[in-house]
Amino acid sequence: MSEVLRRSELLADWTVERCEVELHAELTQESLAAADGPDGPPDDPAARKARHAEPPAAVEGGEYDAQAKAEEVRARMLVLADELRSFPPVMFGVQDDPGEEDGDDYGFAVAPEDAMLAAGALIYATDVLIDELFEDVHTLEQEDTNVGTCDGPLWHLEDLPERYVLQYDTRFARRFLVTVIAMTTRFTNGSFDQLSCVAEELALRLLLGQTTVTLELFGLLDDGVSTALEAFAGNVYEDMDHEWLYDGSMDGIDEGAVGSALGIAPMAFGAWFTPFNPGRHVHPSAADEPDTAAV
């Protein structure tokens, strides 16, 4: 789309702010599973188009019911909420000591069930994020390239700051995947204290994005759950300096001299996997090599 704009004189000054495609997870998976089987789509494009225009096939017990699926996923997320052991409800905006005088409102800024759904959605989305990052790593390995020149489809690595897109190679992708796994392991085993490095800040950003997309997919992202996720992000992030990495107009702010002048912690690409201070730790498989200096 950007290339089309550049080549069109009348649209040369336009920019693409957002480009989005939404897929129905279950139906997409069924289609992929059937691609090489007897239920695979016809070769003829016209016949294939007509088939895709048909309503969803009937399922056992009646026609496809999106609401029933949403309730099923919602129930699953509520069960998964207990797996997020490092974060009590107060981290999601639930009032710690509501008292009894507040009546039906209970004094909660966020309802406990909304907080539970947000917590469970984070666990649900963690599985999706990690699986898809594995696929991203595999794609880069197969092409022996980086995100900027990769021809294959990528799930998440393209959502990292664009200014470093040519440096997101296979080695980086592996380190980032390990970082996501290490961070979310601390979320679930109760040992999380603080985010350790810039890579973890970016990993949490991707996780929150995947969580939001998943909830939207099943129609579960209402105002209460959205507020709970915002409270969670606000409580886990110490600051939002990493967002500067996504602002093209602030290119260079991640360098030491510029960032220091504005009171921003070092965010240069070479320091993404460097602990913020000696009290924080990065997984050995993702940590900087002994002879590598952060630049």
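Among residues of the stretch 188-242 being over 29 Å from Phe269 (Cα atoms) and either in contact with a Cys (Cβ under 6 Å, 6 or more places away or on another chain) or of a type in the set (A, V, I, L, M) (or both), the one that is surrounded by the most Cβ atoms within 10 Å (Cβ to Cβ) is Ala228.
Going through Asp136, Asp159, Asp144 one at a time, which residue ends up being on the phi > 0 side of the Ramachandran plot and either within 20 Å of the chain's Cα centre (by Cα) or not β-branched (Val, Ile, Thr) (or both)? Criteria check complete, one pass: Asp144.
For the stretch 105-128, what are the residues that are aliphatic (A, V, I, L, M), under 19 Å from Leu207 (Cα atoms) and crowded, with 22+ Cβ neighbours inside 10 Å? Across the stretch 105-128, the qualifying residues are Ala115, Met116, Leu117, Ala118, Ala119, Ala121, Leu122, Ala125.
I'd like the full set of residues that are touching a residue at least 24 places away in the same chain (Cβ under 8 Å), farther than 27 Å from Thr214 by Cβ and in a loop (DSSP other than H, G, I, E, B), limited to the stretch 147-170. Asp169, the sole residue that qualifies. Could we say that Asp136 is among the acidic types (Asp, Glu) and part of a helix (DSSP H, G or I) here? Yes. Pairs please, first residue from the stretch 206-226 and on the phi > 0 side of the Ramachandran plot, second anywhere and of a type in the set (A, V, I, L, M, F, W, C), Cβ atoms under 9 Å, 6+ apart in sequence or on different chains. Qualifying pairs under 9 Å: Gly219/Ala66; Gly219/Ala70. For the stretch 171-194, what are the residues that are assigned to a helix (DSSP H, G or I) and hydrophobic (A, V, I, L, M, F, W, C)? If the condition is that a residue be assigned to a helix (DSSP H, G or I) and hydrophobic (A, V, I, L, M, F, W, C), then Phe172, Ala173, Phe176, Leu177, Val178, Val180, Ile181, Ala182, Met183, Phe187 are the ones that fit.
A single entry from Arg205, Arg175, Arg171, Arg163 fulfils the requirement of being more than 17 Å from Glu132 (Cα to Cα) and basic (Lys, Arg): Arg163.
Only the coordinates and a few stated rules stand behind these numbers; no lab work does. Given the structure is predicted, the values throughout are model-derived calculations rather than measurements. Ideal geometry is used to build each Cβ from the backbone, glycine not excepted, and the neighbour counts take in all protein chains shown.
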